[in-house]
Amino acid sequence: MRITTRGRYGLKAMVELALAFGQGPISLKNIAANQEISEYYLEQLMGSLRKAGLVKSARGAQGGYELARAPSEISSGDVLRAVEGPISPVECIDENGCREPCEKIDLCSTRLLWLRMHEQLNKVLDSTTLEDLRAEAERLAPQS
């Protein structure tokens, strides 16, 4: 399983907003430049994030995007699910345990592995907040 560029760029953009939390909206152009993401692509991602209630937008000269909640209240899982959809190691496992009933579900010896992977992956994603990623970004930033 791989997280696509939608997930990676969505998280990068959200960390950028977390770094500026409480300072007002950040323009799409600035987010795109700071994170080296296409403005057009970022606009699509922000639409998904806005629809999920994770960001809010403001129009006008001082407009842009900002987090809808504090960075400590938004998990990386929230962000990835907003831009990627359900996070699962295999198609037959989703947030509720099984998306499509498989005719061999009762005989599937690998189902236990997929369920465990799904549980642990989501546990990590849901326990890692934007605040955690913001703090790591600040720690890694060059000292001036």
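Coordinate-derived values only; no laboratory data. Please read these numbers as outputs of a predicted model, since none were measured by experiment. With ideal geometry, Cβ positions are generated from the backbone for all residues, glycine too; neighbour counts draw on all protein chains shown.
Brief remarks on what is shown
- Here the spin labels are modelled as points 7 Å beyond Cα on the Cα-Cβ line, and at residue 126 and residue 40 they lie 3.8 nm apart.
- Selection among 3, 20, 32 by position relative to the dipole of the stretch 2-53 gives 3 as farthest towards the positive end (Cβ unit charges, Cα centre).
- Spherically averaged projected area of the stretch 24-105 from its Cα convex hull (nm²): 7.0 nm²
- Unit Cα scatterers, Debye sum, the stretch 57-96: log10 I(q)/I(0) for q = 0.23, 0.26, 0.27 Å⁻¹: -0.83, -0.92, -0.94
- Tail weight of P(r) past 24 Å, computed on alpha-carbon pairs of the chain, percent: 38 percent
- Helical content of the chain, expressed as a calculated mean residue ellipticity at 222 nm, amounts to -16000 deg cm²/dmol (DSSP H runs of 4 or more residues, -39,500 (n - 2.57) each, divided by residue number, nearest 500).
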